[in-house]
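Working notes, structure below.
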Amino acid sequence: MLMRKFALATGVAALLAFSAGTASAETVLNRGIGATIGTLDPHINFLAWEGWVLDDAYEGLVGSDAAGAVIPGAAEKWDISDDGLTYTFHLRAGLKWSNGDPLSAQDFVDGIIRTISPDTASDKSYIFTSTIRVAGAQDFVEGKSKDPKSVGISAPDASTLVLKLDAPAPHTLFVLGSFYAPPLHKASLEKFGKDFIKPGNIVTNGAYILTENVPQSHVTLEKNPNYWDAASVKIDKVVYRVTEDDSTAVKLWRAGELDTTADIPTAQIDALQGEFGEQVHISASTETNYMSFNITKPPFDNIKLRQALSMAIDRETLVNKVVKGGYVVNYGYVVPIPGYDAPKVTEAGMSKEDRVAKAKALYAEAGFGPDKPVSLTIESSNNDAYKKQAETIAVMWKQVLGVDAKVNAQDRDGWLAAFNAGGWDVFNDNLIGDFPGPETYLAYMDPRAEVGYHWKSPAFEAAFDKAMPLTDQAERWKVLAEAEKALLDDYLVAPIASSPNRHLIGSKLQGWVDNPADVHPTRFMSLSE
């Protein structure tokens, strides 16, 4: 699952009050969600932890098993044409929405159309124009066509959905789950408008139905009796609980108030492993971590300055001695993927002495020095590891180049607002890939996706477009590496590390399986006595 940004939030007082008053004979799973819960609009949300909630509430054409592998969802089977351009999905018989309304293929068509509609302005629209290229989707997103029927997705009958692509995409099934392609209960949207997602109004098709959403406290979901596989769902109720910070989550987990945490403070990992052993889960992730430069704002439009800043970062010291916690140094944008020969930024092969000397030379060539230092602010979340990373990089820039760097670490809402406002200098950034392939990362950075970087690169676009029609994976990935090289050569970003998944998992919880995309549907879990 793809996450644009994540951070932490407040509300522990409300959480403790809520916890103290909870008593039920039902099987209740208490999951930490870390951040203040943002929008639960299924066609707009672009955050991974909120995605856990929506995975429980909705089901896509396909689903994910406990290990994150693609399995049949609302569609029990599908056919793919020989040229890879047409996918035909066949829905299960008798599907229902949580209110008992029949669920049809048109509901999935309506969901994707709402996601790519300019009126929705969803950050996820690029999935259907770049990650996979749905016929007619780009013109619809850009407003060149206003007719939904011009988009290559249709429902010839109530149980059949046909998806037509402009280019084959072997990874198509990965983006047709509940995170990117949930159905739309159109009657609810038409009746309630943006409030269609509120408890009491919301109608879902997944294993659970949303019954409570208390800001800065918790979200509660209860078992959906109209779900097609309700008989197999063992957890009656799941409560996603907001915590003030990761340390508070650890305390609540220790006290038995949480069965799982969203993260673990890096500084506590060793002690927790010594005390709780296998209940401390640290595993490989699809998350890439990097610093983004605002190229629309001088002096960051100067590539020599961007390169100097990137070269002034001692990644080995930063990752291995400061941040730690399972992070792995990465000199590319895409995380390490077996079979993908990823390019790297220039400094990857340089000694520390040569790297520092080059950084200073580029800084001077950009017009800066001791008498004219750059002043900048790094926008960061207040997540433990991210804040530590930003603060360390600020010190390195000061020590190597004399840069006057400040860190503005804030909660997620403020952090995202800073990005969307567009006036930021440097952004402590990340992206979680949806599947083990470079396409998921590079589609996001495609200038035509325009997710907020305002970057233009004919070289990137040419390589990306050349790669998309290729069906041989080795050849496709070879050409995609050319696109990534164009991104790295422009130093729009300074890659830092690939990030891990970190969770505390209670000993009574069964069915949690670590997986790179960090997908964990509650319907596959159970609690032992």
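The values are calculated or read from the model by the stated rules, or taken from the named source; none is laboratory data. Given the structure is predicted, the values throughout are model-derived calculations rather than measurements. FYI the Cβ positions are ideal-geometry reconstructions off the backbone, even for glycines, and counts take in every protein chain you see. Note: accessible area is taken over every heavy atom of the protein model, side chains too, but ligands, DNA and RNA are not part of it. Shrake-Rupley method; radii C 1.70, N 1.55, O 1.52, S 1.80 Å.
Consider Tyr340 carefully, then state whether it is assigned to a strand (DSSP E or B) and among the aromatic types (Phe, Trp, Tyr).
Working: assigned to a strand (DSSP E or B): no; among the aromatic types (Phe, Trp, Tyr): yes.
No, not satisfied.
Would you check if there is a residue in segment 211-218 being surrounded by 19 or more Cβ atoms within 10 Å (Cβ to Cβ) and under 20 Å from Ile505 (Cβ atoms)?
Yes, because at least one residue in segment 211-218 is surrounded by 19 or more Cβ atoms within 10 Å (Cβ to Cβ) and under 20 Å from Ile505 (Cβ atoms).
Inside segment 107-129, can you point out the residues that are among the basic types (Lys, Arg) and assigned to a helix (DSSP H, G or I)?
Result: Arg114, single match.
Would you point out which residue out of Asp472, Asp490 is at pLDDT 95 or above and out of contact with any strand residue (DSSP E or B) (no Cβ under 7 Å at 6 or more places or on another chain)?
Asp490 is the lone residue from the list that is at pLDDT 95 or above and out of contact with any strand residue (DSSP E or B) (no Cβ under 7 Å at 6 or more places or on another chain).
What is the number of the single condition among (1) of a type in the set (Gly, Ala, Ser); (2) closer than 21 Å to Gln279 by Cβ; (3) at pLDDT 95 or above that Ser528 does not meet?
(3)
Does at least one position in segment 446-468 carry a residue that is assigned to a loop (DSSP other than H, G, I, E, B), acidic (Asp, Glu) and farther than 19 Å from Asp429 by Cα?
Within segment 446-468 (the criterion being assigned to a loop (DSSP other than H, G, I, E, B), acidic (Asp, Glu) and farther than 19 Å from Asp429 by Cα), the answer is no, since none of the residues qualifies.
Examine segment 407-421 for a residue that is modelled with pLDDT of 95 or more, more than 29 Å from Ile71 (Cβ to Cβ) and out of contact with any helix residue (DSSP H, G or I) (no Cβ under 7 Å at 6 or more places or on another chain), and state whether such a residue exists.
Yes: one or more hits.
Which residue out of Gly332, Gly367 is among the small types (Gly, Ala, Ser), within 30 Å of His281 (Cβ to Cβ) and touching a residue at least 40 places away in the same chain (Cβ under 8 Å)?
Checking each option against the conditions leaves just Gly332.
Specify which of the listed residues (Phe174, Phe196) is open to solvent by 30 Å² or more (accessible area, probe 1.4 Å) and part of a helix (DSSP H, G or I). It would help to see each step written out before you state the result.
Values: Phe196 fails: open to solvent by 30 Å² or more (accessible area, probe 1.4 Å).
One residue alone meets the criteria, Phe174.
In segment 131-143, how many are out of contact with any His (no Cβ under 9 Å at 6 or more places or on another chain), at pLDDT 95 or above and part of a loop (DSSP other than H, G, I, E, B)?
Within segment 131-143, residues that are out of contact with any His (no Cβ under 9 Å at 6 or more places or on another chain), at pLDDT 95 or above and part of a loop (DSSP other than H, G, I, E, B) number 3.
Checking the conditions here, which among Ala342, Ala359 is of a type in the set (Gly, Ala, Ser), open to solvent by 10 Å² or more (accessible area, probe 1.4 Å), touching a helix residue (DSSP H, G or I) at 6+ places or on another chain (Cβ under 9 Å) and modelled with pLDDT of 95 or more? Break it down stepwise before answering.
Details: Ala359 fails: open to solvent by 10 Å² or more (accessible area, probe 1.4 Å).
Going through Ala342, Ala359 in turn, the sole match is Ala342.
Could you check how many residues of segment 45-97 are polar (S, T, N, Q) and closer than 13 Å to Pro521 by Cα?
Number satisfying all stated conditions: 1.
For segment 383-407, which residues satisfy the criterion of being under 26 Å from the mean Cα position of the chain (by Cα) and either open to solvent by less than 60 Å² (accessible area, probe 1.4 Å) or of a type in the set (Val, Ile, Thr) (or both)?
Asn383, Asp384, Ala385, Tyr386, Lys388, Gln389, Ala390, Thr392, Ile393, Ala394, Val407
Take segment 247-261 and flag every residue that is open to solvent by 10 Å² or more (accessible area, probe 1.4 Å) and either part of a helix (DSSP H, G or I) or in contact with a Cys (Cβ under 6 Å, 6 or more places away or on another chain) (or both).
Ser247, Thr248, Lys251, Leu252, Trp253, Arg254, listed by residue number.
What tally of residues in segment 262-318 results from selecting those that are among the charged types (D, E, K, R), open to solvent by less than 30 Å² (accessible area, probe 1.4 Å) and either without any contact (Cβ under 8 Å) to a residue 60 or more places away in the chain or in contact with a strand residue (DSSP E or B) (Cβ under 6 Å, 6 or more places away or on another chain) (or both)? Lay out the reasoning, then the answer.
So the first thing to find is which residues in segment 262-318 are among the charged types (D, E, K, R), and the list is 263, 270, 275, 278, 287, 297, 301, 304, 306, 314-316.
Going one step further and asking which of them are open to solvent by less than 30 Å² (accessible area, probe 1.4 Å), we end up with 263, 287, 306, 314-315.
Narrowing further to those that are either without any contact (Cβ under 8 Å) to a residue 60 or more places away in the chain or in contact with a strand residue (DSSP E or B) (Cβ under 6 Å, 6 or more places away or on another chain) (or both): 263, 287, 306, 315.
Final tally of qualifying residues: 4.
Test Ala483 against the criterion of being of a type outside the set (Phe, Trp, Tyr), buried (at least 20 other Cβ atoms within 10 Å of the Cβ) and more than 22 Å from the chain's Cα centre (by Cα), and give yes or no.
No; evaluated as a whole, the condition is false for this residue.
What residue, among those in segment 364-382 that are more than 25 Å from Val451 (Cβ to Cβ) and either of a type in the set (Phe, Trp, Tyr) or assigned to a loop (DSSP other than H, G, I, E, B) (or both), is most open to solvent (accessible area, probe 1.4 Å)?
Within segment 364-382, the match that is most open to solvent (accessible area, probe 1.4 Å) is Asp371.
On the given criteria, is Lys164 open to solvent by 60 Å² or more (accessible area, probe 1.4 Å), at pLDDT 95 or above and under 27 Å from the mean Cα position of the chain (by Cα)?
yes
Regarding Asn330, is this residue within 12 Å of Ala497 (Cα to Cα), polar (S, T, N, Q) and either open to solvent by less than 20 Å² (accessible area, probe 1.4 Å) or at pLDDT 95 or above (or both)?
Criteria met by Asn330.
Which members of segment 196-214 meet the condition of being over 25 Å from Ala93 (Cα atoms) and in contact with a helix residue (DSSP H, G or I) (Cβ under 9 Å, 6 or more places away or on another chain)?
Within segment 196-214, Phe196, Ile197, Lys198, Asn201, Asn213, Val214 qualify.
Would you point out the residue of segment 110-150, among those that are acidic (Asp, Glu) and crowded, with 17+ Cβ neighbours inside 10 Å, that is farthest from Gly452 (Cα to Cα)?
The extreme case among them is Asp110.
For segment 444-469, what are the residues that are among the small types (Gly, Ala, Ser) and at pLDDT 95 or above? It would help to see each step written out before you state the result.
Kept after step one, since they are among the small types (Gly, Ala, Ser), are these residues of segment 444-469: 449, 452, 457, 459, 462-463, 467.
Selection gives Ser457, Ala459, Ala462, Ala463, Ala467.
Within segment 20-102, which strands (runs of 3 or more DSSP E) (wholly inside it) include 3 or more residues that are open to solvent by 50 Å² or more (accessible area, probe 1.4 Å)?
Working: elements: 28-34, 62-64, 70-72, 75-80, 86-91.
In segment 20-102, 75-80 are the strands (runs of 3 or more DSSP E) which contain 3 or more residues that are open to solvent by 50 Å² or more (accessible area, probe 1.4 Å).
Determine which member of the set Ala169, Ala181, Ala155 is of a type in the set (Gly, Ala, Ser), open to solvent by less than 50 Å² (accessible area, probe 1.4 Å) and either free of Cβ contacts under 8 Å to residues at least 60 places away in the same chain or not in a loop (DSSP other than H, G, I, E, B) (or both).
Values: Ala169 fails: either free of Cβ contacts under 8 Å to residues at least 60 places away in the same chain or not in a loop (DSSP other than H, G, I, E, B) (or both); Ala181 fails: either free of Cβ contacts under 8 Å to residues at least 60 places away in the same chain or not in a loop (DSSP other than H, G, I, E, B) (or both).
Among Ala169, Ala181, Ala155, only Ala155 is of a type in the set (Gly, Ala, Ser), open to solvent by less than 50 Å² (accessible area, probe 1.4 Å) and either free of Cβ contacts under 8 Å to residues at least 60 places away in the same chain or not in a loop (DSSP other than H, G, I, E, B) (or both).
Return the total of residues in segment 474-529 being touching a residue at least 24 places away in the same chain (Cβ under 8 Å), part of a loop (DSSP other than H, G, I, E, B) and at negative phi.
Counting residues in segment 474-529 that are touching a residue at least 24 places away in the same chain (Cβ under 8 Å), part of a loop (DSSP other than H, G, I, E, B) and at negative phi gives 15.
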